[in-house]
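Everything on this sheet refers to the single structure shown next.
The values are calculated or read from the model by the stated rules, or taken from the named source; none is laboratory data. Values in this document were obtained by computation on a predicted structure and should not be read as measured data. Neighbour counts run over all protein chains shown; Cβ positions are idealised from the backbone, glycine included. What goes into the accessible areas is simple: the full protein's heavy atoms, side chains included, and nothing from ligands, DNA or RNA. Shrake-Rupley method; radii C 1.70, N 1.55, O 1.52, S 1.80 Å.
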Amino acid sequence: MLRRLYCVLLRFHPVRFRSRFGEEMLSIFDAAASDANRVALLADAVFSLLRQWAVPSEYRQGAAEAALWSVDGSPAFYTFGDYKPSPSSLIAGTTLAAIVLCAVWLASQYTWTHPVFVPMATVQFEPKPNLGESESLDPRIPMNILSQYAGTYASSHPSGFIATVTAEDGRLAVQTTGKPKTRLVWVNGIAFKFLGSKTDWVTFVRYSQHPPYILIVCQAGNCVTAHFEKKLRAPAPEKKVHFH
Amino acid sequence: MKENLSAFLPLSPAALHILSSLAGEDLHGYAIMQQVRRQSGGQYKLSPGTLYDNLQKLVERRLVQELGHKPGDDDPRRRYYRLSTLGRAVLAAEMDRLEKVLREARLRLQPAKPRRA
């Protein structure tokens, strides 16, 4: 596969260069010991291709001949005014430009519809809350505070993890992908545990002075980080707040 | 002749390495790459694209001669190259030029002597 690609790249070189050095370059490629070396040679062939078309040897030959005429070490200048590229060079250059343009367009279309997942080191922003605490203390929190957390959070992980956080009746609830909606119990700070669970919890991390937040969901020992995506419509504010 | 030689100078690093690698014996492209790597202590690695681009220029400027295939070589696709008389003279002129540059640089690097009051 790599060899075929290398042959294609050589094929696009100017005829004069290819007929002279193509076979030798291929013999060097065949002598490459590893795939890493072959990939490096492919990259080199791309640069060589660009170099050969950017400054064809006809230019350089003329410049070299002009350089021979310099006198007393003074710099020799050469003008390309009378140079006319051959029709085959123009066709090959146009084809190459069209191929590059198509490749760039296809790449931009592909990345538009396929977000690139960049794995990042997990950073523990908040200490794991003490989940063994009793759930008897299950306070209601003012809705104007809770509504800041409500919204849809999405992870860039290929699994397509999505968590929907809702604020209802002074408490938060979360529904993650493929799992039922579960009410959250406030533990401390901005950490909440899943009602009735001693292992599952969530916490919010603020990346500026204001919402939205980053959500960290830990279920059965697996933690996923999700970024705020969309705010849910906040319910009507409560007039009176009850605490247990 | 000397005036003509100055038109080729200064040589690019790749051209200098290629000419100096061919100074000892006739070599094919892959052997030139290996020789350049060896003589630079692994610091200068010539890629095939750069090598053949420079070889093309050097052949066109008649500093290097193309010998063609050598009977008995493992790979019949390899072509051998030889440093021409003009190439040898240009290499010698470039070495003279570099020696002057080095001498000048060494002189300037020496600590300045204190002036008498």
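When segment B:22-68 is limited to residues that are touching a Lys or Arg at 6+ places or on another chain (Cβ under 6 Å) and more than 27 Å from B:A7 (Cβ to Cβ), the one that is surrounded by the most Cβ atoms within 10 Å (Cβ to Cβ) turns out to be B:H28. Restricted to helices (runs of 4 or more DSSP H) entirely inside segment B:10-72, those with at least 3 residues that are more than 10 Å from every other protein chain (Cβ to nearest Cβ) are B:13-22, B:29-39. Taking the condition of a type in the set (S, T, Y), under 26 Å from A:P14 (Cβ atoms) and open to solvent by 30 Å² or more (accessible area, probe 1.4 Å), does B:S12 pass? Spelling it out, B:S12 is indeed of a type in the set (S, T, Y), under 26 Å from A:P14 (Cβ atoms) and open to solvent by 30 Å² or more (accessible area, probe 1.4 Å). Criterion applied to B:L51, B:L16, B:L63, B:L58 was being within 13 Å of the chain's Cα centre (by Cα) and more than 16 Å from B:R88 (Cβ to Cβ), and the one residue passing it is B:L51. For segment A:63-70, the condition of being facing chain B (nearest Cβ under 10 Å), open to solvent by 60 Å² or more (accessible area, probe 1.4 Å) and modelled with pLDDT under 55 holds for at least one residue.
Of all residues in segment A:1-51, those satisfying the criterion of being more than 9 Å from every other protein chain (Cβ to nearest Cβ), in contact (Cβ under 8 Å) with a residue 40 or more places away in the chain and either part of a helix (DSSP H, G or I) or open to solvent by 60 Å² or more (accessible area, probe 1.4 Å) (or both) are A:L2, A:L9, A:F12, A:V15, A:L42. Reported count of residues in segment B:53-86, each being free of Cβ contacts under 8 Å to residues at least 60 places away in the same chain and touching an Asp or Glu at 6+ places or on another chain (Cβ under 7 Å), is 7.
The set of residues in segment A:149-165 that are open to solvent by 30 Å² or more (accessible area, probe 1.4 Å) and under 23 Å from A:G196 (Cα atoms) comprises A:I162, A:T164. Just one of the listed residues (B:R108, B:R88, B:R103, B:R82) is in contact with a strand residue (DSSP E or B) (Cβ under 6 Å, 6 or more places away or on another chain), away from every other protein chain (no Cβ under 11 Å), open to solvent by 40 Å² or more (accessible area, probe 1.4 Å) and over 24 Å from A:A43 (Cβ atoms), and it is B:R82.
Taken together, the residues in segment A:166-182 that are within 18 Å of A:Q148 (Cα to Cα), within 34 Å of the chain's Cα centre (by Cα) and crowded, with 16+ Cβ neighbours inside 10 Å amount to 5.
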